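Here the structure comes first, spelled out in structure tokens, and everything after it is commentary.
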Amino acid sequence: YVFMNLFLAGGISGNLSKQWKLLAAKIQKQCTSISQEKTAQPSSQEAKKRSPRPLDIRFQASGGAVYASELGWGGQMAVDFMLGTKKIQDRRIFLGAGIGYRAKFLNHTTYSFLPLQAIVSMPLLDQKHAPVLGMSIGYGFALNQSTQGGICTAAELAWNYTISPQTDVQVGAFAEWQQAQLDVIQTINGNEYITHMGCNFLAIGVKLAISF
């Protein structure tokens, strides 16, 4: 009888030991599967960092000389803020639109314009650092009371430095044309007359642009 109890107790203990081992193996297998899924799938924060932004920002500043046949030579300062995309057909081509400010200093007078323009800037070589050709066209709104705005366009040749997948810096030269109309007051026989005179502002200079 004693041997029978010991035999039964040993059998029950062995079955419990086997069940515990099977349960531990199942838990370990489940933990390993969950760990592999977490490793294979990136977190939402990492996915957000890797996903490209819908629009890129471009800021540029420039300065140089400006000439108008009716006013002579002077200086110009300008800034531009643009939004667009710089990835077209797997090339770093910037295509966008934006607003800017132009201050032209001629004949002791500041002629200010607010251009709304579209711009395209494309690399001439498919390299990380490469020369870039750019063009823009738009309409420059005059901010002076005695000046009316008109069409504006520009061309630029620059060198592009790719700092990171999201950041580019460009340094180069530009040429710009701004159409305008000036109100000139003339005094004839003691009477004042306002004459509308067409004027073309031609500017050349250097520029620095960054897009990110």
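For a quick size check, give me the Cα extents of the range 123-212 along its three principal axes, largest first, whole Å.
So the three principal-axis extents are 67, 19, 17 Å.
In square angstrom, rounded to the nearest 10, how much accessible surface does Ser164 have for a 1.4 Å probe?
My reading of the accessible area for Ser164 is about 40 Å².
Say each of Ser69 and Leu114 gets a label point 7 Å from the Cα, pointing the same way as Cα to Cβ; how far apart are those two points in nm?
About 3.1 nm, to one decimal.
Mind listing the phi-derived Karplus ³J(HN,Hα) values for the range 166-175, rounded to whole Hz, using 6.51, -1.76 and 1.60 with θ = phi - 60°, and x for any glycine or proline?
These are the phi-based 3J(HN,Hα) values: 9, 10, 10, 10, 10, 10, x, 10, 9, 9 Hz.
When all protein chains stay in place, what accessible area (Å², nearest 10, 1.4 Å probe) is found for Tyr161?
Roll a 1.4 Å probe over it and Tyr161 shows about 100 Å².
Counting only heavy atoms of the protein chains, get the accessible area per residue of the range 61-135 (1.4 Å probe) and round it to a whole Å² value.
53 Å²
Whole Å is fine, so just give me how far the alpha carbon centre of the range 76-107 lies from that of the range 114-131.
9 Å
Expressed as a rounded percentage, what relative contact order does the range 113-212 have, with Cα pairs under 8 Å and six or more residues apart?
22 percent
Give the ranking of Met135, Met122 by solvent-accessible surface, highest area first, calculated with a 1.4 Å probe.
Of Met135, Met122, the descending order of accessible area is Met135, Met122.
The values are calculated or read from the model by the stated rules, or taken from the named source; none is laboratory data. All of these numbers come straight from a predicted model, not from anything done at the bench. Backbone-built Cβ (ideal geometry, glycine too); neighbour counts: all protein chains shown. Each accessible area value is taken on the protein alone, full model and side chains, heavy atoms only, with ligands, DNA and RNA left out. Shrake-Rupley method; radii C 1.70, N 1.55, O 1.52, S 1.80 Å.
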